[in-house]
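Every read-out reported here was derived from the displayed coordinates using simple, explicitly stated rules and does not represent laboratory data. Everything numeric here is computed off the predicted structure, so don't read it as measured data. Heads up, the Cβs are rebuilt from the backbone with ideal geometry, glycines too, and the neighbour counts pull from every protein chain shown.
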Amino acid sequence: LNHLLSIEGLSREMLTRILDTAVPFTEVAEREVKKVPLLRGKSVFNLFFENSTRTRTTFEIAAKRLSADVINLNINTSSASKGETLLDTADNLAAMQADMFVVRHAASGAPYLMAQHLATTGQDHIHIINAGDGRHAHPTQGLLDMYTIRHYKQDFTQLTVAIVGDVLHSRVARSQIHALTTLGVPEVRVIAPKTLLPSGIERLGVRVFNDMKEGLRGVDVVMMLRLQNERMQGALLPSAQEYFKSYGLTVDKLALARPDAIVMHPGPMNRGVEIESAVADGAQAVILPQVTFGIAVRMAVMAMLAGA
Ligand code: CP
């Protein structure tokens, strides 16, 4: 593994290896162990061209607990605002002896472009981690979601998992679908209105439901998605109330899933739009453990890329 750009194309063995590698790092994520020296002397650059709370912060925590030096480029005050290109920015940070770039960008493919550029300029010793590119992929979110499912449900091969909401604009959903199908989940359902589903989504090996109540029946895991309003330029947006009525996860709708079903959400949540507070804060929600597991999974990915 030189870069982590997408889950698509990674084998089941590789996904399992990443999840297994993350297990001992949960002790660091939970502060039972303060730090490990695996990335001592390495420089990790966080390049977030789009906003983030969880991903940026947990990457910083993960890198620091691996003893790396962490540089957070503030994009708003960087020379990107003066028109410096992504690739010129990459070259200049490479000249500062960077070892790893963690990249979030609104444009699908931006981390691929950087990886290709570093390869052609002989700088592909710098590892790139995609921290979310447009509507394409968010691989570490997909991995931490798989870690969470395995933690609570142990065996992927007996599960029915539902992904609910704005699949069309969601890089998280794409990464989740690739991970779940690769790890052997026999039934992956997507539940959404037709207008929020990409055409041909069935080709990814999922079952499509437009009726949320039908789709939730008997599922083991419910993975909620946010309405990605920022990616819907010009589209006719459903009102929050209309959307909540049909696709909001309420206590009543959750009762259709298995009684031991877990509820996940990558965050940020819009309470009262895709999820009711009683569910988000309820006994079946594992939304905050997802965040903590994210530290361990990101430590695992960085350690593996660095060959540590
Ligand atoms: N899940 C996720 O990517 O959250 P942030 O946008 O806060 O990083």
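I need the phi-derived Karplus couplings for region 201-218: 6.51 cos²θ - 1.76 cosθ + 1.60, θ = phi - 60°, integer Hz, Gly and Pro marked x.
Per-residue couplings from phi come out as 4, 4, 4, 7, x, 10, 9, 9, 10, 9, 9, 5, 5, 4, x, 7, 4, x Hz.
Would you mind getting the Kirkwood hydrodynamic radius of region 108-182 from its Cα pairs, rounded to one decimal in Å?
Answer for region 108-182: a Kirkwood hydrodynamic radius of 13.9 Å.
Once you have the Cα-Cα distance between Gln123 and Asp88, take 0.36 nm times their residue separation minus that, and quote the gain in nm to one decimal.
Full-extension gain reported as 11.3 nm.
Output wanted: per-residue J couplings in Hz (rounded whole) for region 131-137, from phi through Karplus 6.51 cos²θ - 1.76 cosθ + 1.60, θ = phi - 60°, x for Gly and Pro.
9, x, 10, x, 9, 7, 7
Please identify, among Asp252, Asp211, Asp124, the residue showing maximal mean-square fluctuation in a Gaussian network model of the chain using a 10 angstrom Cα cutoff.
Taking springs between Cα atoms under 10 Å, the residue moving most is Asp252.
What FRET efficiency would be calculated for the residue pair Lys213, Gln116, taking the C-beta separation as r and a Förster radius of 45 Å, to the nearest 0.05?
Step by step, r from the Cβ atoms, then E = 0.50.
Counting Lys +1, Arg +1, Asp -1, Glu -1, what net charge surrounds Gly142 among other residues with beta carbon under 10 Å of its beta carbon?
Cβ neighbours under 10 Å give a net charge of 0.
Residue separation times 0.36 nm, minus the C-alpha to C-alpha distance between Met232 and Met14: what's the value?
75.1 nm
Residue by residue, what Karplus-based ³J(HN,Hα) values in Hz, rounded to whole numbers, does region 74-82 have, using 6.51, -1.76 and 1.60 with θ = phi - 60° and x for Gly and Pro?
7, 4, 5, 9, 8, 6, 4, 6, 9
Hey, rough spin-label estimate for Thr292 and Ala240, points 7 angstrom out along Cα→Cβ, what's it come to in nanometres?
3.0 nm
Once amide H atoms are placed 1.01 Å from N in the peptide plane, what residues at a sequence separation of 5 or more from Ala285, or on another chain, have their amide H within under 5 Å of its amide H?
Result for Ala285 returns Val263.
Any chance you could give the angle, 0 to 90 degrees and rounded to 10, that helix 110-120 forms with the longest Cα principal axis of the chain?
30 degrees
Which residue, Arg226, Arg104, Arg12, has the most motion in a Gaussian network model of the chain that connects Cα atoms within less than 10 Å?
Highest fluctuation among the options: Arg12.
What is the set of long-range amide H partners of Leu249 at a cut-off below 5 Å, with H atoms built 1.01 Å from backbone N?
Amide H neighbours of Leu249: Ile275, Glu276.
Once the cut-off is 38 Å, how many percent of the Cα-Cα pairs in the chain end up in the long-distance tail?
Percentage above 38 Å: 13.
So who's got an amide H within less than 5 Å of the one on Leu4, skipping anything under 5 residues away but keeping other chains? H placed 1.01 Å off N, in plane.
Excluding prolines and chain starts, which carry no amide H, the hits are Ile128, Ile129, Asn130.
Hey, rough spin-label estimate for Arg258 and Asn51, points 7 angstrom out along Cα→Cβ, what's it come to in nanometres?
It works out to 3.7 nm between the two label points.
What area, in nm² and to one decimal, does the C-alpha convex hull of region 176-255 cast on average over all directions?
About 5.9 nm², averaged over all directions.
For region 147-191, count all C-alpha to C-alpha pairs, find those more than 12 Å apart, and express that count as a whole percent of the total.
60 percent
Nearest 10 degrees is fine. How inclined is helix 287-305 to the longest principal axis of the chain, computing both from alpha carbons?
Compared with the principal axis, the helix lies near 40 degrees.
Measure up Lys34/Lys153; Lys153/Lys213; Lys42/Lys153 against 26 Å on the Cα-Cα distance and list the ones that go over.
Lys34/Lys153; Lys42/Lys153
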